[in-house]
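Down below is the structure, laid out as structure tokens.
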Amino acid sequence: DVFQQTGNSGPILELIYKLKVADVMTHNPKTIAVHNTMRDAQKIMRELGISGLPVLDNSRLVGIVTIGNIIDAFDAGDINAAVKNYMSTPVVTLEDDMPLSYAITFVNKYHFRRYPVISKTGVLLGIITATDIIKSLLIEMNTEFTKLETIFKKETEKHVEQEGILESLQFPTIKYDFEHAGTASTELKNTLKKHGFDNAIIRRASIVSYELELNQIIHSDGGFMQYTISRKGVEILAKDRGPGIQDIQLALREGFSTANDWIRSIGFGAGLGLPNARKSSDEFSIDSSTRGTMVRAYIFAQPREL
Ligand SMILES: Nc1ncnc2c1ncn2[C@@H]1O[C@H](COP(=O)(O)OP(=O)(O)OP(=O)(O)O)[C@@H](O)[C@H]1O
Ligand SMILES: [Mg+2]
């Protein structure tokens with residue numbers, strides 16, 4: 001019943017069906033011939049420390065001698081009698097190519113300690129006990145768990161390596177706040193340096209971040225810059241609250257700007273920010289409505305540089 005009480009037994013059940021009786025049995029078990037005496041049987045059993053002995057008649061399995069049979073012979077003062085007279089028959093046997101699940105059913109059903117295993121042609125091949133079954137299952141389970149553990153470890157390492165987020169940063173931006181313009185981008189630059197990113201990557205990320213940050217300050221009603229830095233690369237998200245970009249294709253064109261004279265007088269409005277940001281990114285997308293604009297840029301790190 002041990003086998004029926006395992007709550008979450010998925011992998012164990014799989015093993016029980018995968019393994020065959022032949023995988024688990026003891027091969028070439030000690031036997032006794034039908035014309036030997038019960039005393040011979042008792043001696044062999046005591047020497048080997050076993051509680052059952054298959055009985056052969058010209059290599060054909062005809063019975064099994066158990067401790068109970070030995071006691072019966074002693075009680076009758078008949079220990080020198082032939083095995084044939086006291087052995088247990090018929091024998092509950094298993095076949096070598098049966099799944100282990102059969103053997104377990106037998107153990108539960110008959111409550112014998114030993115089950116001789118015979119071939120299709122009736123030749124004794126081995127013997128199987130409940131202990132053999134449990135031992136083999138434990139060994140198999142251990143192998144399975146070791147395999148799973150290795151896979152799990154590899155997956156985790158891969159995950160940390162590829163997706164492992166090193167740092168996430170977020171900075172608010174305020175309309176016309178030129179005093180703090182570039183603060184977010186400077187922080188990004190320093191963080192990338194700290195994590196040892198390649199200089200070319202840092203330069204590109206800085207350009208993208210700076211242009212998007214300045215656009216928020218100049219053209220939007222404020223928003224935030226968000227950076228997600230992993231070994232894989234840098235994600236730059238620029239989100240604002242409006243008024244949005246009317247024509248995204250046009251905005252991406254070099255030289256297009258809606259900047260007024262005042263903005264131009266302080267050195268902005270050449271209409272180069274978005275096209276440059278796009279050129280410096282590996283992935284670049286703009287989503288915009290009157291409620292706001294979201295620009296997402298991604299710059300892949302070069303793994304060899306990290
Ligand atoms: N976050 C935003 N919200 C609303 N409009 C935007 C936003 N970002 C860009 N735009 C629009 O897209 C146009 C082009 O942007 P781009 O950054 O290429 O040029 P610019 O900011 O005008 O000039 P420069 O970046 O060269 O100083 C802007 O003039 C503006 O009309
Ligand atoms: Mg700009």
Checklist line | Chain lengthening between Ser59 and Lys18 when straightened (0.36 nm per residue, less Cα-Cα) | finding: 11.8 nm
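Taking the Cα centre of region 10-148 as the origin, how large is its charge dipole in debye, to the nearest 20, when only Lys and Arg (+1) and Asp and Glu (-1) carry charge on their Cβ atoms? Mind showing how you got there, number by number?
Working: 14 positive and 14 negative charges, 16 e Å.
With only Lys, Arg, Asp and Glu charged at Cβ, the dipole is about 80 debye.
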Notebook entry, point to check: Working out 0.36 nm times the residue gap between Ile139 and Val123, then minus their Cα-Cα distance, what length gain in nm do you get to one decimal?
Noted result: 3.0 nm
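If you place +1 on the Cβ of every Lys and Arg, -1 on the Cβ of every Asp and Glu, and leave all else neutral, what size is the dipole of the chain about its Cα centre, to the nearest 20 Debye?
Values: 34 positive and 37 negative charges, 87 e Å.
The calculated dipole for the chain is roughly 420 debye.
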Check: What FRET efficiency, computed as 1/(1 + (r/R0)^6) with R0 = 22 Å and r the Cβ-Cβ distance, is obtained for Ile174 and Ser285, rounded to the nearest 0.05?
Finding: 0.35
Item checked: Distance violations [Cα-Cα > 30 Å] among Lys109/Lys135; Lys239/Lys279; Lys154/Lys279; Lys20/Lys109 -> Lys154/Lys279
Next item on the list: Calculate the spin-label point distance for Ile151 paired with Tyr110, positioning each point 7 Å from the Cα along the beta-carbon direction, and give it in nanometres.
Entry: 3.6
Check: How big is Rg to Rh over the chain, alpha-carbon atoms, Rh as the Kirkwood inverse-mean-distance radius?
Finding: 1.52
Check: How many nm is it between the label spots at Gln246 and Phe74, if each spot is 7 Å from the Cα in line with the beta carbon?
Finding: 10.8
Next item on the list: Give me the distance in nm between label points sitting 7 Å out from Cα along the Cα-to-Cβ direction at Arg46 and Met98, one decimal.
Entry: 3.3
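Restricting to DSSP H runs of at least four residues, report the calculated mean residue ellipticity at 222 nm for the chain, -39500 (n - 2.57) per run over all residues, nearest 500 deg cm²/dmol. Write out the running numbers ahead of the final one.
Numbers: 12 runs with 131 residues, N = 306.
When only DSSP H runs of four or more count, the value is -13000 deg cm²/dmol.
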Notebook entry, point to check: How many times 2.2 N^0.38 Å is the alpha carbon radius of gyration of region 156-222?
Noted result: 1.30
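Every read-out reported here was derived from the displayed coordinates using simple, explicitly stated rules and does not represent laboratory data. Computed from a predicted model, the values in this text were never measured in an experiment. For neighbour counting, all protein chains shown are included, and Cβ atoms are generated from backbone atoms with ideal geometry for every residue, glycine included.
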